[in-house]
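Here the structure is laid out as structure tokens; the discussion comes afterwards.
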Amino acid sequence: MFGLDRTTRILLRAAVASLSILTLAQQASAQTLRMWTFLDPASGKDPRERVLKKLIDQFEAANAGVKIQVEPQVWQQMTDKFLAATQTGTAPDVMWVHLRRVPDAIKLGALANLDDLFAKKWSKEEADDIDGSFWRFSAKPGAHYHITHSRSNVGQFYRADLFREAGIDPKSLTTWDKFVAAAEKLTVRGDNGVTTRWGFGQAFATDGANNSVVFSVMLDKNGVIFDEKNRANWATPAGVDGLNLQLDMIRKWKITQPGAVNEKNDDLYDQFNAGRFAIIRGASARIPRAMTALGADKVGFFGTPSFTEGKFSPAEVAGWSVGVWSGSKQKELAGKFVEFMSSKEADRLWTMEGGAVPIRKSTVKENAAFFADPKNAYLADVAAAMLEAGWFPPDGAGAGWNEELNRAAQDVLTNKTDTKAALQKAEQSYNRAHRL
Amino acid sequence: MSIAAAPHGTTPGARTARRIRPLRLRLAGVGYVTPAMALLAFTLILPSLYGFYYSLHNIRYLKANEFIGLENYRYLVTDPEFWHVVIRSTGFTAVAVTFTLVIALSVSLWINQLHGPFALFVQIVVILPWVVSHVVGALLFRWVFVNDIGLGMYFLEQMGIHWFKPVSDPTTAMAVLVGFACWRTLGFAMLLLLSGLKSIPQDLYEAAHVDGATARQRLFAITLPMLKTPMLITLVILTVSNLNNIEGPLIVTGGGPADATNVLALDLYMRAFAKFDYNSAIALGIGMFAANILLALAYTRLVKSHG
Amino acid sequence: MASVAIESVRKQYGNVTAIRDVSIDIPDGKFVCLVGPSGCGKSTLLRMIAGLEEISGGEIRIGSRVVNDLPPKERDIAMVFQNYALYPHMTVAQNMAFSLRMRGVSKSQIDERTKRAAGILNLEYLLDRYPRQLSGGQRQRVAMGRAIVRSPQVFLFDEPLSNLDAKLRVQMRAEIKQLHQRLKTTTIYVTHDQIEAMTMADKIVVMRDGIIEQEGAPLELYDEPANVFVAGFIGSPAMNLIEAIAEGGALLSTSREALPFDLPRGASGKLTCGVRPEHIALANQGLAGQVLLVEPTGLDTLVTAATVAGPIVALLRERTSVAPGDHVHFRIDQKHVHYFDGASGRRLQ
């Protein structure tokens, strides 16, 4: 062979062989649907992972020759990886997009219109069953790009056992005054002045930040946190009041731990489980895990208080918007699977076995007994808080407002910066990062 | 001077001609290095070039749009926060590397004198953090120093010290970060220095002993000069490691409080994955890449000239 | 300068005894070689004198001082190591000045003494170089320069020439001897090469397995080896040693053939006869043998032949035409035959 020596020939052959393996893999994928999600059906640790496995098995059984290949991803980077992969042509057929990144994904044309794939064939009844702000989020009229699963809302986790002990009704804590009074009552200080239990655990670390109190107060008072050009607009009276309220919980009422200045959300869940915090600010998706750790009767959820009696403050909703990659070669099949994962039967499984917030109104209606059970009641509480005070970021909003607001909180606590100045700094940093 | 007049085999042309190998042999050589070069090209060279290409464009939704030249770099260097981060990172790296080197040197000098199972035990204890996954290590560190239920904090509270929250204060948070960096890299630094110590011929010490040097004089006149190259190599490796380490600032201190522990690696991470500001993130990434290349060059030169 | 006295010195490593009851007297200004096969304890003994090894028992004196518990720097000795042990990060001048610096000698003193030592060893033009830029012989000289710069009471050499090639070794041997003749410093020199010992020493101490086999002037050892070991160790080419049996007033080989040696008076039973190659000559009659090997050196010729006494090596002063396979006869100079007891190996008088 052209006078090549033996080694060279072997190397060339190996190269050719590996190329043909790649080609074979490409061909085999004709019946394989790739999906990226943070759930790993093979691990089954999270109840939702077990539901996903069940759904995949059912779908594969009903569609001979089809294989759903889940490629589990790290949730923080998954959406960006997807956006990058759509441009290199290597994105999966089915994608779970972080709700906050849905506008970007749609603007980039990364998601296929689900109406074209299946939704326009739906009866009005069927469409109404999942219709709502989640479904309409970021969509143009007459188009839908995603169905949002694993919905979650930032709000207050509370230790139901401690509330019972103290005789406090969580449903009554809709104003900040009542909330602070309850948290003071729940704070326990030892004889030596050491606090053994804090009424309200907060975390102001910039990594993995959630909506903080100031965020909810600004939305409650102003309705927006951005101006018409999507610029951060925080150094306002509402912002100053909100941040002062948030920090007075440490400075004035001593119901929040001073360590909050650099603690993370994950720390809060640990402390909550350990009984060191009676209330924490958390994402409702973490409730099932807390229930597993503590028992269902010890964990509850309520929305964010406001300055108006009987009304919750807005809090950001989160979720995983499942859609089909616009560049997929098997859009029909992928759409079929997305539709299947969002069917009535599937939603029942997600809710009743996976502990997820229902995405269909019929699921709540038809399973009244399930939601009447006190240990599932929180799902209805979360759904109610979302319905009443769920906040979606406006299209074109950037990212990192939670981080910047927490940075302002740290700045005030650590450097004794004036509240308004700190908010101004955070605002500028945000606007600068987004070239606004 | 004409070529004909040159003595045989001394013109450059003649020398090159003699060095040319038969075609078959050269092809085999190419064949041997091709897989490694292809792997490097795909995992290192192409992404770097691609990254540089991206950095010259406006990136939206992870897509390179219009060419904007050095605008991303200009944006980065005119960001007032950026220079604070650079200064902080330099300070952090300098302090962490110095501490680690001094401790690693002391420990390896100590271990070098030990014999038997105890020496092995000490070595294992020191190397362990380096073997442990850095993420796990960082979480352990955080649990000891951060939470009220953390081990270290629990003991302090038991002793009646409840005002000490290291990660809540800017100075102590930086100290914790330096501590983590030392803890993480000490084992590796010690291994390098210990192997350097072991390679110093014993008879140099005996000669110095006979020449009348005291233990202190032997340390400064023999051990440290002979350890110069291993120490410089360790210094470069530690600098690279601390400059790029993300587990420490991300997990242990989270960059806070009030940016007190926000260093370059974390800043890059936050720009990219919290603010999704890929334009400045990629400029910073390429800048750090260049700094790393310089350090790697320093490293290879050190290894070559003294190795 | 000082004498060195070693008295009943012992060295023990756990249960292993490396040196047992060794006593040597080294007069002031003498050059003494400790020689023996590897593992005989000669290097250990030298290191004990230097203070690099502890002394398990006995006493070492330098001059009038007992140095058993003194650290090396207080013994006023200098040592030249087998691998030279030059400090690689220091120049030749710094290497030589090191011990003076450690003793806090003034800068001008250091310069002067370094220059003088360098002059003695012809090192002046190398003073600014680093050890890695030197040849083996130059390094060796620097190592010696480092030793002499301090004018110690005793020089200790630990196989200093073993890393040099044969030619350089002969040259350095002469240099060291001349250096000693010039400085007259008491010198203890360890080697496994008996030629070095023979050519350089005032006194040789032959050691084996941690004991002294014999000590004395080189030619004393050569002419009257005290036992079979010394007889075989000293001299090159080595002495022919022939196993024999004294029986019925005659000497027989182990295969019961008559041997052409006189029977020493009163000898009986097994013994070993030793005869140096230069005391065997070709003759028309005498011990018969068949030539196995002929090795001409130019100056003389070594002939190895198979005889009833086993293989015999003869050193012939004159050129010879014998060739392997030839049948020859050897005449043995009876005056120079050594006899050793077969059991103890001791010399019979």
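Each reported figure results from applying straightforward, stated rules to the coordinates on display, with no laboratory input. This structure is a prediction, so every number in the text was calculated from the model and none was measured. Neighbour counts are summed over all protein chains in view; Cβ atoms, including those assigned to glycine, are modelled from backbone coordinates with ideal geometry.
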Test item: A:253-266 mean partner chain Cβ contacts at 10 Å: 5
Two-decimal Rg to Rh for the range C:193-349 - Kirkwood Rh, Cα set: 0.98
Mean separation of Cα contacts under 8 Å, 6 or more apart, over the residue count of chain A: relative contact order %: 23
Net charge of neighbours whose Cβ lies under 14 Å from the Cβ of residue C:180, counting Lys and Arg as +1 and Asp and Glu as -1: +2
Nearest-0.05 FRET efficiency for residue C:7 and residue C:326, computed from C-beta distance (R0 60 Å): 0.60
Restraint check, A:254/A:298; B:198/C:203; A:298/B:275; A:54/A:365, Cα-Cα greater than 28 Å: B:198/C:203; A:298/B:275
Nearest-ten-degree value, helix A:213-222 long axis tilted from longest Cα axis of chain A: 80
The range B:20-124 - charge dipole about Cα centre, Lys and Arg +1 at Cβ, Asp and Glu -1, debye rounded to 20: 560
Neighbourhood net charge (12 Å Cβ-Cβ; Lys/Arg +1, Asp/Glu -1) for residue A:435: +2
Value of relative contact order over chain B, rounded to a whole percent, pairs C-alpha under 8 Å and six or more apart: 23
Residue B:102 paired with residue B:34, simple spin-label distance in nm, labels 7 Å along Cα-to-beta-carbon: 5.5
Amide proton proximity set for residue A:417, modelled H, under 5 Å, gap of 5+: A:412
Residue-count net charge about residue A:124 - beta-carbon cut-off 14 Å; Lys, Arg +1, Asp, Glu -1: -3
Extended-chain gain in nm, criterion 0.36 nm per residue less alpha-carbon gap, residue B:71 and residue B:46: 6.8 nm
Loop-resident sites, the range C:255-308, for trypsin sites (Lys or Arg not before Pro), counting at most 11 other Cβ within 10 Å (DSSP): C:256, C:265
Viscosity 1.567 mPa s, 4 °C: Kirkwood-radius Stokes-Einstein D of the range C:149-195 over Cα pairs, µm²/s: 113
Proximal lysines relative to residue A:121, as straight alpha-carbon distance under 23 Å, when same-chain residues fewer than 8 apart are discounted: A:140, A:329, A:331, A:336, A:344, A:361
Alpha carbon centroid spacing (whole Å) that separates the range B:249-307 from the range A:262-290: 31
B:253, A:236, C:307 arranged by Cβ crowding within 10 Å, fewest neighbours leading: A:236, C:307, B:253
Zone residues, the range C:290-312, relative to residue C:257, backbone N less than 14 Å from point 7 Å out along Cα-to-Cβ: C:290-292, C:305-312
Rounded tilt (10° steps) of A:6-28 against the dominant C-alpha axis of chain A: 70
Unit charges at the beta carbon, dipole of the range B:137-253: most positive-side option, B:205, B:170, B:182: B:205
Charge dipole magnitude, Cβ of K and R +1, D and E -1 - the range A:106-260, Cα centre, debye nearest 20: 320
Shielding by partners, peptide B:270-283 (average Cβ within 10 angstrom, other chains): 5
Selection of trypsin sites (Lys or Arg not before Pro), the range A:207-300, meeting DSSP coil and at most 11 other Cβ within 10 Å: A:229, A:252
For the range A:112-137 and the range C:265-341, distance of Cα centres in Å: 117
Most mobile of B:229, B:239, B:43 in a GNM of chain B (Cα contacts under 10 Å): B:43
Cα-based helix-to-principal-axis angle, C:92-102 vs chain C, degrees rounded to 10: 70
Nonlocal amide H pairs with residue A:97, under 5 Å, H built at 1.01 Å: A:321, A:322, A:323
Label point at residue B:132 placed 7 Å out along Cα→Cβ; residues across the range B:180-209 whose backbone nitrogen lies under 15 Å: B:180-188
Three-way shape label, the range C:297-336, alpha-carbon gyration tensor, a/c 1.5: oblate
Check: chain B dipole with +1 on Lys, Arg Cβ and -1 on Asp, Glu Cβ, in debye: 1500
Debye equation applied to the C-alpha atoms of the protein assembly as shown, log10 I(q)/I(0) at 0.04, 0.06 Å⁻¹: -0.42, -0.73
Span-like helix ranges in chain B, DSSP H, alpha carbon extent 15 angstrom or more, Kyte mean at least 0.0: B:23-40, B:80-113, B:116-131, B:134-145, B:170-198, B:228-244, B:278-306
Under 14 Å from residue A:420, Cα to Cα: aspartates and glutamates that are on another chain or at least 8 residues apart: A:241, A:404, A:411
Rg to Rh quotient for the range B:79-306, alpha carbon positions, Kirkwood Rh: 1.04
Distance between the range A:303-338 and the range A:161-181 - C-alpha centres, whole angstrom: 30
